[in-house]
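What follows draws every value from the coordinates through simple rules; no lab data is involved. No experiment lies behind these values; they were computed from the predicted model shown. Backbone-built Cβ (ideal geometry, glycine too); neighbour counts: all protein chains shown.
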Amino acid sequence: MTNRDDELAVLVRGLDQATTLLGSVGDSDLSTPTPCHEWTVAELVDHLVAAPTKFAAMVRGDEVDWSAPTPHVDGERAETFRASADELISAWNTVGDGDAPMGPDWQSAEVAVHTYDLAAALGRPTSDLDAEVAERGLALMQANLTPENRGQVFLPEQPAPEGADAYQRIAAFAGRTVPTTPSGSSA
């Protein structure tokens, strides 16, 4: 397996667990605040569901406007995300090694941070999620994201609580305030 194959395998697992988490979002959850830049669960879900399609376009070499409003996703959140995730993996399968502007670990980072955001908003633990997704995403972010290039997307890095799991660590690096919680749970 090539490094990209390893990255893709991790990305697929991240997309799978995000699909499962999105499937647990109920209509009553949509107004709940999230750790993500003052977004509600509805706004986070809309962004998360749209992200793989935008990443697929980038993999194919298309320009993407990340600041454009994302369409609202109604009841079929997991199914819509799954179709978008499948489009992303399909795009990866059509480009050669080195032909995309970024590797799959960029997408794993995005999915891991927002998986944390959604799990925290829903009161779900992150300790039982696939740690490698967040670990690879965090390694990539630490290697590429500096205080100078965080822009408006990422707030300054926050301290992770002692004993934080991989998702809590990537969230703190992305600027989320991660509360100290009992072992095995997430905030």
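What to note about this one:
- Here the dipole of the chain is about 300 debye; that uses its Cα centre as origin and unit charges on the Cβ of Lys and Arg (positive) and Asp and Glu (negative).
- Alpha carbon Rg of segment 3-173, scaled by the compact-globule rule 2.2 N^0.38 Å: 0.98
- Table column - 3J(HN,Hα) (Hz), segment 125-130, Karplus curve with 6.51, -1.76, 1.60, x for Gly and Pro: x, 9, 5, 9, 7, 5
- Where trypsin sites (Lys or Arg not before Pro) fall in DSSP loop in segment 108-187, at most 16 other Cβ within 10 Å: Arg150
- Mean separation of Cα pairs under 8 Å and 6 or more residues apart, divided by the residue count, gives the chain a relative contact order of 24 percent.
- Taking Asp74, Asp105, Asp16 as the candidate residues, the one with maximal mean-square fluctuation in a Gaussian network model of the chain, Cα springs under 10 Å, is Asp74.
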